[in-house]
Ligand code: ANZ
Ligand code: ZN
């Protein structure tokens, strides 16, 4: 094998790794190594692996292999998120069972993962669609139910008319179904929810622990949770017994509330509308039902609404203000009703101008009158027209008015969150059945633990077609059961769980995948958890990454895990694009991973991905050259093959210059990998290869021990990105055992001492000073250094006319 033949290398080493299973994490309690847990977001089995997988898993593998080299006991597991709609849609089309498609794709992906040489511990493999996995979804659901964290309620929900199922708020992106892109509509349905809102404050507070998360991700979560502070204020409504609450972040503007708005779809609107206004109101409400929240809240949307024929009383000045229904107030936010302050809130102002309602300035901001300009003034200022609040600032006004309201029992300080409870019922088949039995006498009865799992009945093809009711409802024998409590005739819940339930705790299952006494072995999780490094896409920012944080906190409260945050460090890889655009069927710019591997080899593809740029950035495959990567790997392997000294030869007598290069490389690459700058680390490996090549050809030659040191360092470093080439090189260097565990080299500080060069500084062509500088000093630094020299300034009267810098050896100053 003199030529570089990637396919031959793959065939040879893949077989040995299959036999040796070198990447199995050790369970031996006597193993003294510190544990590390490296996790990739597990894949959905939709066909074979693609370029995006290759990039994300390639990056995760750099981290896992780096830790293995550093001597940690590393767990790097893999599994499949194998419930979900695509399998079901494929099954309908082919008149088959979703499991057929699912498990065939899993086999294909598993095969490709192995070929791609990822350092997985295959013994921990799991599939969420296996009954011995989803059994524990059900078990956890029952625990949540017992704690009041899973409950059923009726209300308007997001409905995808194409997928014929409800969606969680997190799955509605800009008013469209996250999965299929159809416009989401609202439907009135009774559904199961997880009470994630109970954890809103902790989800915010615990972000303090997430130093290792990208700021962008934390910001997205913070905004999604959407905490605000303000007050709940009680308004009397004429002709209604009970006062109505509104939530406001600006109670200081209460004197400027000139009208009152109820969400058109709130029960209150329906209740208080007068007979005279009812027909207009009902027509309007029907119109609003067709809009998504995003559309309703859009600030540039023309304001619409209808007068309800009633008046509310402003609690601070007794003023009668008209009550309207409108779509820009949401029924499930705050209390579904607002006090409108048009002078200081743009949407209220737009509404006031449209319907000719009064605008009263109560905060003097120095800006022009909103009633005239149409531009609200939401900023800071001095309160005016506000009785006891006059002259106060916004902050003073807020605390003063809350005090007054509380004293009179007309309001309280309040905190509000944008976060809604997690809607988890789905009207589809290929998911975890909700383990509840509905009994006419006992109500919602959980399936007893010893009767779990509730497995899916065997439905296939047409039986799965979306009809707006759950397919499980058609399996009469499965549905009709005895009530576990009273034994009477009862029925199973026919919805399945959102598949995000499956992924909310899978990382715990990996710690003890065969566990049969619970979802996971608490002791094992204590040893391995939390995840030290998680790698996956930013698209999960407010979905999976929020849900798993919630699950972890609940499990913590149940005493099952000893940490409150599941993922210590988080890396969001960029996307692989082609020709500046995301790969897509319609653009025809897809790149097939299998073809790339056939053409250039696994190592060249992996190296190309890692070398392309910082891990978080998108990489454009059209700009990259896997062929150049392949040539580099061939060069590296040649260097490793040409070393003639024996393994273990003492390195002390080796070439001093090359040794300095080796140790500087070790020092830099270690720091670069620690800070995720993998691409620059690869560049350093390339430089090391060139230095070794030069030493062999025109330096001390292939027998010099420093050449061996360089080649062995190269093999170990390359094992992070090019496992086949590294393993082969390691063997040719006469070493035995997997290169993955050779041990990360340590830089010798004595060899890191920076040499310096002498820089000559001339003024008007005469040498006036000599400076000792680093060989890689920048032009700016050198220029500044030269001009700061006292010997130089003695010959200058003012700013020099010109400074010519030739780093690192010459500075020429023209006075
Ligand atoms: C009066 C007011 C005056 C307001 C002012 C703002 C500025 P965040 O920060 O997002 O929590 N609001 C309350 N409930 C609402 C609902 N169900 N639908 C739409 N809007 C609602 O926003 C709180 C503010 O949003 C509240 O404060 C209320 O308008 C509005 F100069 O009350 B404000
Ligand atoms: Zn019963």
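What to note about this one:
- Residue 543 fulfils the conditions (1) surrounded by 17 or more Cβ atoms within 10 Å (Cβ to Cβ); (2) out of contact with any strand residue (DSSP E or B) (no Cβ under 8 Å at 6 or more places or on another chain); (3) at pLDDT 95 or above except for a single criterion, (3).
- Residue match in segment 467-476 (condition: under 26 Å from the mean Cα position of the chain (by Cα) and either surrounded by fewer than 20 Cβ atoms within 10 Å (Cβ to Cβ) or at positive phi (or both)): no
- The listed residue being crowded, with 20+ Cβ neighbours inside 10 Å, within 23 Å of residue 447 (Cβ to Cβ) and more than 16 Å from ligand 1 (Cβ to nearest atom), out of 505, 528: 505
- Among the residues listed as 661, 639, the single one being free of Cβ contacts under 8 Å to residues at least 60 places away in the same chain and in a helix (DSSP H, G or I): 661
- Residue match in segment 320-328 (condition: farther than 23 Å from residue 269 by Cα and either in a helix (DSSP H, G or I) or more than 16 Å from ligand 2 (Cβ to nearest atom) (or both)): no
- Taking helices (runs of 4 or more DSSP H) as the structural unit, those lying wholly within segment 703-815 and holding at least 3 residues that are touching a strand residue (DSSP E or B) at 6+ places or on another chain (Cβ under 6 Å) correspond to 779-788.
- Considering 486, 511, the condition of being in contact with a strand residue (DSSP E or B) (Cβ under 8 Å, 6 or more places away or on another chain) and more than 16 Å from ligand 2 (Cβ to nearest atom) is satisfied by 511 alone.
- On the stretch given as segment 371-394, residues that are touching a residue at least 60 places away in the same chain (Cβ under 8 Å) and part of a helix (DSSP H, G or I) total 3.
- Flag if residue 64 is buried (at least 19 other Cβ atoms within 10 Å of the Cβ) and under 20 Å from the mean Cα position of the chain (by Cα): yes
- Residue match in segment 672-695 (condition: farther than 27 Å from residue 55 by Cβ, part of a loop (DSSP other than H, G, I, E, B) and at pLDDT 95 or above): no
- Residue in segment 361-370 that is more than 12 Å from ligand 1 (Cβ to nearest atom) and either part of a strand (DSSP E or B) or surrounded by 13 or more Cβ atoms within 10 Å (Cβ to Cβ) (or both) present: yes
- Among the candidates 191, 109, 164, the residue that is in contact (Cβ under 8 Å) with a residue 60 or more places away in the chain and farther than 24 Å from residue 455 by Cβ is uniquely 109.
- Residues of segment 396-409 that turn out to be touching a strand residue (DSSP E or B) at 6+ places or on another chain (Cβ under 6 Å) and crowded, with 18+ Cβ neighbours inside 10 Å, as a count: 3
- Between 430, 478, the distinction of being free of Cβ contacts under 8 Å to residues at least 40 places away in the same chain and away from ligand 2 (no atom under 13 Å from the Cβ) belongs to 478 only.
- In segment 210-239, the residues that are touching a residue at least 12 places away in the same chain (Cβ under 8 Å) and at positive phi reach residues that are part of a strand (DSSP E or B) and away from ligand 1 (no atom under 14 Å from the Cβ) with C-beta atoms within less than 9 angstrom, at least six apart or across chains, in these pairs: 239/310; 239/311.
- Matching entry among 646, 616, 652 (being surrounded by fewer than 18 Cβ atoms within 10 Å (Cβ to Cβ), in a loop (DSSP other than H, G, I, E, B) and touching a strand residue (DSSP E or B) at 6+ places or on another chain (Cβ under 9 Å)): 616
The values are calculated or read from the model by the stated rules, or taken from the named source; none is laboratory data. Since this is a predicted model, take the numbers as computed values, not measurements. Because the Cβ atoms are built from the backbone with ideal geometry, glycine has one as well, and the counts that use them run over all protein chains shown.
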